[in-house]
């Protein structure tokens, strides 16, 4: 679809993140489109490397991942556009043209999701560790043993996690964390 546009040319396609960086160096495209999940180097890694080499590089993330954490990571790394793979063709082409002109292109629904995620309290590194082990089905005792902390301390972290995620149970915490991209199930 992109190659059929009179004002666009596809100069390269990569099969993994390392190749994407190399092809970007070789072709210096006006606009680069990346997926977040690629072998060898993920999309944020590619984006970070490209922007390290050229801070003005224009990159659009085109992915199936729409969690606030994924959107945040991509925008923080320098993405100028963020679209989901189910976007209509015209929306994709319009986004490419906007980013090429130096504009930002993030659909309102994703901006709302990003703003909602950013407005909630951030979990500490230790809380993320507890949450990850919780998502793996570990008991408080097992979490404590793994992290070398007491069960009482685990319970304190869980109370804080529940408050920050606005949930009432372990199951809700895992579900909310999965939706936000904090843990991989």
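Couple of notes before you dig in:
- Residue 132 meets all of the listed conditions (1) touching a helix residue (DSSP H, G or I) at 6+ places or on another chain (Cβ under 8 Å); (2) more than 30 Å from residue 8 (Cα to Cα) but one, namely (1).
- The combined condition, being in the same structural domain as residue 78 (by TED's automatic domain parsing), in contact (Cβ under 8 Å) with a residue 40 or more places away in the chain and either outside any helix (DSSP H, G or I) or crowded, with 18+ Cβ neighbours inside 10 Å (or both), is fulfilled by residue 8.
- Scanning the range 44-78 for residues that are touching a helix residue (DSSP H, G or I) at 6+ places or on another chain (Cβ under 6 Å) and assigned to a loop (DSSP other than H, G, I, E, B) yields a total of 4.
- Filter result for the condition that a residue is surrounded by fewer than 17 Cβ atoms within 10 Å (Cβ to Cβ), outside the structural domain of residue 176 (by TED's automatic domain parsing), without any contact (Cβ under 8 Å) to a residue 24 or more places away in the chain and under 19 Å from residue 2 (Cα atoms), over 97, 101: 101
- In this structure, residue 41 qualifies as modelled with pLDDT under 95, touching a helix residue (DSSP H, G or I) at 6+ places or on another chain (Cβ under 8 Å) and either closer than 28 Å to residue 178 by Cα or surrounded by 15 or more Cβ atoms within 10 Å (Cβ to Cβ) (or both).
The values are calculated or read from the model by the stated rules, or taken from the named source; none is laboratory data. Just so you know, these numbers come straight off a predicted model, no measurement behind them. Note that each Cβ is placed from the backbone with ideal geometry, even for glycine, and that neighbours are counted across all protein chains shown.
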